[in-house]
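Following: one structure in structure tokens, then a few remarks.
The values are calculated or read from the model by the stated rules, or taken from the named source; none is laboratory data. Quantities reported herein were computed from a predicted structural model and do not represent experimental measurements. Neighbour counts run over all protein chains shown; Cβ positions are idealised from the backbone, glycine included. In case anyone asks, the SASA skips ligands and DNA or RNA and just uses the protein heavy atoms, side chains included. Shrake-Rupley method; radii C 1.70, N 1.55, O 1.52, S 1.80 Å.
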Amino acid sequence: MTHTFVGMPPFPTAAREALADTQLRHNLVHATATIRGKRAGVVAEVENWEELRLAGAAVKDRALRGLDERLVQLEESLTARGAVVHWARDAAEANRVVVDVARRHGVDEVVKVKSMVTQEIGLNEALQAAGIAAWETDLAELIVQLGGDLPSHILVPAIHRNRAEIRDIFRRRMAEAGRPAPADLSDDPAALAAAARAHLREKFLRARMAVSGANFAVADTGTLVVVESEGNGRMCLTLPDVLVSVVGIEKVVPTWAELDPLLRLLPRSSTGERMNPYTSTWSGVTPGDGPQEVHVVLLDNGRTRALADDVGRQALRCIRCSACLNVCPVYERVGGHAYGSVYPGPIGAILNPLLKGTGDPQTDSLPYASSLCGACFEACPVRIDIPEVLVHLRSKVVDGHREDRVPKPEAIAMRSAAWTLSRGPRLGFAERLTGTGLGVARRFGAARWTSARDLPAAPRESFRAWWRRTDGRLDDSGG
Amino acid sequence: MTPVVEVRRAQRGASKPARDEILGRVRSALAGVEPDREPVAAPPGVRAADLVARFAERVADYRATVVHRAPGDVAVSVAAALPSGARVVVPPGLPDDLRAAVAGAVVDDGLSAAELDEIDAVVTCCRVAIAETGTIVLDHAPDQGRRAVTLVPDRHVCVVRAHQVVADVPDAVAVLDPERPLTWISGPSATSDIELDRVEGVHGPRVLHVIVVEETG
Ligand code: SF4
């Protein structure tokens with residue numbers, strides 16, 4: 001039972017399938033609109049939000065522009081505080097480190113904190129192949145894992161499931177994995193959360209080893225940071241004897257003080273809260289408190305490829321808040337699965353080709369999964385200019401196909417993107433975007449995409465302007 | 001447990017080629033890029049006129065309980081925050097006035113997770129509190145206890161002294177020591193994973209009870 005994105009069809013095909021799924025579309029529209037509204041409220045409270053974004057971007061840029069020195073410093077400070085530092089060039093190396101640690105301790109299970117990077121490297125499958133069960137402990141990840149499917153959103157990975165489906169999954173599957181769901185389990189979210197609490201508590205209390213990612217890794221102090229809501233992160237980071245954290249090399253923050261703007265930006269951009277319920281930080285081993293054996297795996301897996309791209313480098317600033325997903329008209333329609341990666345939405349459309357390189361049809365279709373409306377840039381707390389990188393990557397894709405005699409992939413991709421967007425009227429796209437959305441869709445429909453490097457001509461009111469005016473709310477569309 | 005020193009030696013040996021190659025790739029990716037030497041100065045945080053009032057308002061927004069007390073009333077109000085018959089744990093360094101309020105409490109001396117799971121509530125102090133975000137930060141000093149102590153029991157009663165309340169995140173980052181493990185707590189644990197309905201209380205304490213002690217003079 002392995003669940004990976006390997007072998008996913010290119011974006012247009014996958015998007016067509018997703019568009020046919022009305023439940024998914026309904027859940028997505030509801031979820032993205034709700035989070036957008038919350039985010040707008042808490043961002044408006046911060047008068048100097050734009051300055052804060054600039055500071056957040058500058059901190060991550062500073063870390064990236066001196067990454068070699070920062071990594072060496074991080075290794076030193078972690079080691080000085082009792083952590084064991086490992087380096088992994090790719091997914092296989094990182095997985096091997098985690099499996100080796102598990103084997104050395106003779107464990108047959110590990111508890112896991114929600115972590116995109118361990119999904120990226122397929123860690124659960126690698127552990128499974130070594131006979132070690134990996135228990136996801138984030139509620140949404142648990143739903144996804146028990147349901148045997150794939151996450152569809154960075155922040156709310158089970159956004160494609162409704163409460164009745166979740167109850168059914170819990171009733172059918174919890175017993176195989178441990179403590180069964182109560183026989184009379186209702187589909188009330190509080191009851192479902194309580195069932196997850198009871199099911200997972202058993203695992204937390206007995207687990208000897210945990211695996212986490214990290215939101216940030218502070219170079220000068222050797223501090224790792226995990227930002228979460230449910231407390232499952234705290235459980236994993238505190239109770240087991242052994243902790244292994246897999247950390248992408250782009251997670252580095254130069255100094256402890258520079259963590260500040262990022263901690264202000266992330267919760268407001270992500271869940272639309274002033275602060276998330278729990279943030280844990282730790283620097284190596286604390287005698288008598290928490291895991292007494294701490295490992296950190298510093299992972300490349302394509303990040304140095306992205307770093308070498310002068311335009312694309314900025315994508316490594318990403319703090320995985322998911323704000324760009326929630327404002328994206330394409331994502332809202334097709335959901336996360338269509339992107340064929342753990343990194344969906346606008347950031348996925350640039351990050352995947354940057355990490356993997358162009359040349360594969362699935363990856364090559366991603367930079368076209370966008371209308372270049374610019375809403376993602378406006379929402380991004382670290383000011384990643386996603387449209388700029390998309391255009392840059394499209395030109396790379398085109399350059400890679402100069403010699404082809406069959407139709408260029410971008411031509412196919414564009415026809416399909418046009419199809420996706422031109423379904424708009426039926427999806428309420430027209431009302432929501434007034435004339436602009438239709439204009440964009442019509443332009444795509446006309447297939448006058450002779451140069452992949454041209455931005456569409458300016459419509460009557462740009463999506464961005466409309467967004468600024470209404471924040472995507474229907475009731476405000478009259479201005 | 002395998003001695004960490006041995007593990008480290010073995011592992012670093014094994015990943016040395018990976019280390020050198022990654023650092024080499026980073027260096028060639030950054031050829032011609034000048035590193036920025038100066039740390040980034042972030043803009044100031046929000047500063048409410050009345051920090052304690054703002055803190056209390058923001059904590060309450062998370063659906064945590066928050067009460068204000070004069071110093072003389074703290075013990076009473078700690079006792080009142082605990083259901084009768086509750087099994088209570090306290091950290092070894094809890095100040096005497098608070099300890100007196102929970103006479104029957106177990107003092108943590110390294111209780112196992114299973115033992116903590118049998119306990120209903122924990123009473124602690126904190127290191128700093130953030131007004132703008134309604135956050136309590138624990139640095140797990142002796143008046144707050146090990147991380148597990150404030151995690152496993154279902155009810156957390158936390159005493160915040162008014163002078164511990166700072167304006168916003170940058171003020172907290174400035175006073176916190178990153179060498180200590182830190183736990184930032186903003187309300188009870190919560191999830192919105194099911195149809196985005198917020199449910200308070202998943203794995204961490206389902207009840208957070210904050211007692212703000214107003215200082216006189
Ligand atoms: S690209 Fe920006 S908005 Fe999107 S997830 Fe990353 S940080 Fe958030």
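Along the Cα→Cβ direction, 7 angstrom out, place labels at residue B:118 and residue B:87. What is the inter-label distance in nm?
0.5 nm
Quick one: order A:34, B:191 from most to least accessible surface, probe 1.4 Å.
Output order, biggest surface exposure first: A:34, B:191.
First check a/c for segment A:16-123, with a ≥ b ≥ c the square roots of the eigenvalues of its C-alpha gyration tensor; if it is under 1.5, answer rounded, and if not, answer prolate when a/b is larger than b/c or oblate otherwise.
Note, shape of segment A:16-123 comes out oblate.
Angle check, please: helix B:51-61 long axis (alpha carbons) against the longest principal axis of chain B (alpha carbons), in degrees 0 to 90, nearest 10.
Taking the Cα atoms of chain B, the angle to B:51-61 is about 90 degrees.
Rounded to the nearest 20 debye, what is the charge dipole size of segment A:188-302 about its Cα centre when +1 sits on each Lys and Arg Cβ and -1 on each Asp and Glu Cβ?
Using Cβ point charges on Lys, Arg, Asp and Glu, segment A:188-302 gives about 340 debye.
Can you give the direction-averaged projected area of the convex hull of the alpha-carbon atoms in segment A:349-394, in nm²?
Its Cα hull, projected and averaged over all orientations, spans 3.0 nm².
Out of all DSSP beta bridges in segment B:51-213, what portion is antiparallel? Express it as a percent rounded to 5.
Here the share of antiparallel DSSP bridges comes out near 25 percent.
Measuring from label point to label point, each 7 Å out along Cα→Cβ, what is the residue B:197 to residue A:395 span in nm?
About 5.1 nm separates the two model spin labels.
Assuming R0 = 41 Å, what is the FRET efficiency of residue A:69 and residue B:163, from their Cβ-Cβ distance, to the nearest 0.05?
Once rounded, the FRET efficiency stands at 0.55.
I want to verify a result. In a Gaussian network model of chain B, Cα cutoff 10 Å, which of these has the top mean-square fluctuation: B:139, B:120, B:109?
Between B:139, B:120, B:109, it is B:109 that shows the largest mean-square fluctuation.
Give the shape of segment A:11-304 as rounded, prolate or oblate, defined through the alpha-carbon gyration tensor: a ≥ b ≥ c are the square roots of its eigenvalues, a/c under 1.5 means rounded, and otherwise the shape is prolate if a/b is larger than b/c and oblate if not.
oblate
With a ≥ b ≥ c taken as the square roots of the eigenvalues of the C-alpha gyration tensor of segment B:116-217, please select rounded if a/c is under 1.5 and otherwise prolate if a/b is larger than b/c or oblate if it is not?
Numbers: a/c = 1.63, a/b = 1.34, b/c = 1.21.
Since a/c reaches 1.5 and a/b is larger than b/c, the shape of segment B:116-217 is classed as prolate.
Sort B:84, A:186, A:77, B:28 from largest to smallest accessible area, using a 1.4 Å probe on the heavy atoms of the protein chains.
Output order, biggest surface exposure first: B:84, B:28, A:186, A:77.
Over what distance in Å are the Cα centres of segment A:268-288 and segment A:238-254 separated?
So the separation of the two Cα centres works out to 13 Å.
So for the pair residue A:198, residue A:164, with labels modelled 7 Å out along Cα→Cβ, what separation do we get in nm?
A separation of 2.4 nm, rounded to one decimal place.
Assuming R0 = 35 Å, what is the FRET efficiency of residue B:215 and residue A:47, from their Cβ-Cβ distance, to the nearest 0.05?
It comes out at approximately 0.75.
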